[in-house]
Amino acid sequence: MVELTDWELDKFKRQIQIAGFGEEAQRKLKASSALVTRLGGLGGPTALWLAAAGVGRMIVADGGDVTPSNLNRQILMRGDGVGKPRAPQAAETLKRFNPDLEVVAHSANASESNAPEWVSQVDIVCDTSPDFRERLILNAECWRQGKPLIDGGMNAMEAQLTAIVPPHTPCLQCLVPEVPDWWDPKGFGVMGAFSGSLGALTALEAIKVLTGYGQPLLGRLLVYDGEDMSFDTYDIHKRADCPVCGG
Amino acid sequence: MGVYIKLPTPLRRHAEGAKSLEVSAGTVGDALAALCERYPGLRDPLYDGEGKIKSFVRVFVGGKDVAELDGTGTPLSDGDQVSIVPPVAGA
Ligand SMILES: [Zn+2]
């Protein structure tokens, strides 16, 4: 197990102080690595909170360039970075916040060709893509490699989150056996404070799974509503006919 | 018997923006039928061509997936909440 330096013990003392977390969990975070795919209103805050928590190494990936309408929520980007690729800006912001972080940036979205390699290089994946197909590719790859996947998604002021841990929980394909025919990734509005709340919770679930702290959303789907602040959790189950997890 | 149906954000536009509504029904199937009777625009997003609930639409009663109970035949009691939860991938 890696050791914590005096600087790290000081930097992380307020979370080490949390009952049940402690130095052992902090060491596990330092030794761990995470992949965050897409760096928008959800993935950006996810990556930032993982960096802040002391995850040792991160791969961040996004194939797009910053547009003006990204800047109400994509907090890793810069106001003067419009028209430039997202991934290097995200890596720079993360590194500025946590210089101890080792971060690799890919200016590409996850696909069948890059997912096997990316997933093999990390301990956990946070997938925050607006594209169901991209999410399902990562789900299948995580399942093949036995890597946990934190899946958060939202629509306007409604969010969903679950922790997928092979082979114990249902997989994403169980929840999405086919892509909803009426899904429109740009058919709804997004408030940065709301997508950011889901990013924070996505990072928290990843931290819990990586360290063993608390009770992650295993076999449970959190659904919450930023308009009326109702939070519900639902039991979810494997599908007997799931082609990915085998039910 | 009055039960409450909670509609997800993407489907509310087919129900005049309603987030939750009360219907009279003794089973989950009856509740969804009553919902679609009131808002026929919900039939297409909820049901496939064979009249079955689409594979990606989950229906929960009291936090439990009705697929693990008696499906559309799952009985409802007065005041139960039926939640319709399709997946979302916004980011
Ligand atoms: Zn599955």
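The values are calculated or read from the model by the stated rules, or taken from the named source; none is laboratory data. No experiment lies behind these values; they were computed from the predicted model shown. Virtual Cβ from ideal backbone geometry, glycine too; neighbours counted across all protein chains shown. Just the protein is used for accessible areas: all its heavy atoms, side chains included, with ligands, DNA and RNA removed. Shrake-Rupley method; radii C 1.70, N 1.55, O 1.52, S 1.80 Å.
Brief remarks on what is shown
- Principal axis analysis of the Cα atoms in the stretch B:2-85 yields extents of 27, 26, 19 Å, listed in decreasing size.
- Rounded to the nearest 10 Å², the accessible area of B:His14 at probe 1.4 Å: 60 Å²
- Peptide B:56-68 - average C-beta neighbours from other chains (10 Å radius): 4
- Projected label distance in nm at A:Ser230 and A:Gln17, using a 7 Å step from Cα toward the beta-carbon: 3.7 nm
- Evaluated on the stretch A:32-235, the Kirkwood hydrodynamic radius is 16.7 Å, with distances taken between all distinct Cα atoms.
- Proximal lysines relative to A:Lys28, as straight alpha-carbon distance under 25 Å, when same-chain residues fewer than 8 apart are discounted: A:Lys11, A:Lys13, A:Lys95, A:Lys147, A:Lys208
- Most mobile listed residue (A:Arg135, A:Arg14, A:Arg57) in chain A, GNM with C-alpha springs under 10 Å: A:Arg14
- Total formal charge among the other residues, if their Cβ is under 11 angstrom from that of A:Asp100, Lys/Arg +1 and Asp/Glu -1: +2
- Rolled with a 1.4 Å probe across the full set of protein chains, the surface gives A:Lys30 an accessible area near 60 Å².
- In this Cβ point-charge picture (+1 for Lys and Arg, -1 for Asp and Glu), the stretch A:20-63 has a dipole of about 80 debye about its Cα centre.
- Computed Rg/Rh of the stretch B:39-91, alpha carbon atoms with Kirkwood Rh: 0.99
- Amide N proximity, the stretch B:43-58 versus B:Glu37 label position 7 Å along Cα-to-Cβ, cut-off under 20 Å: B:43-48, B:51-53
- When A:Met77, A:Met191 are compared by accessible area of protein heavy atoms, the largest-first order is A:Met191, A:Met77, using a 1.4 Å probe.
- Taking a sphere under 14 Å around the Cβ of A:Ser230 and counting the other residues whose Cβ falls inside, with K and R at +1 and D and E at -1, yields a net charge of -3.
- Amide H contacts of A:Ala156 (H built 1.01 Å from N, under 5 Å, at least 5 apart or other chain): A:Gly189
- 10 Å Cβ neighbours from other chains, averaged over peptide A:174-183: 5
- Estimated from the Cβ-Cβ distance and a Förster radius of 22 angstrom, the FRET efficiency linking A:Ser111 and A:Asp181 is about 0.45.
- Label zone at A:Asn72 (point 7 Å along Cα-to-Cβ), backbone N below 19 Å, the stretch A:90-133: A:130
- Counting charges near A:Pro68 (Lys, Arg +1; Asp, Glu -1) among other residues having Cβ under 13 Å from its Cβ returns a value of +1.
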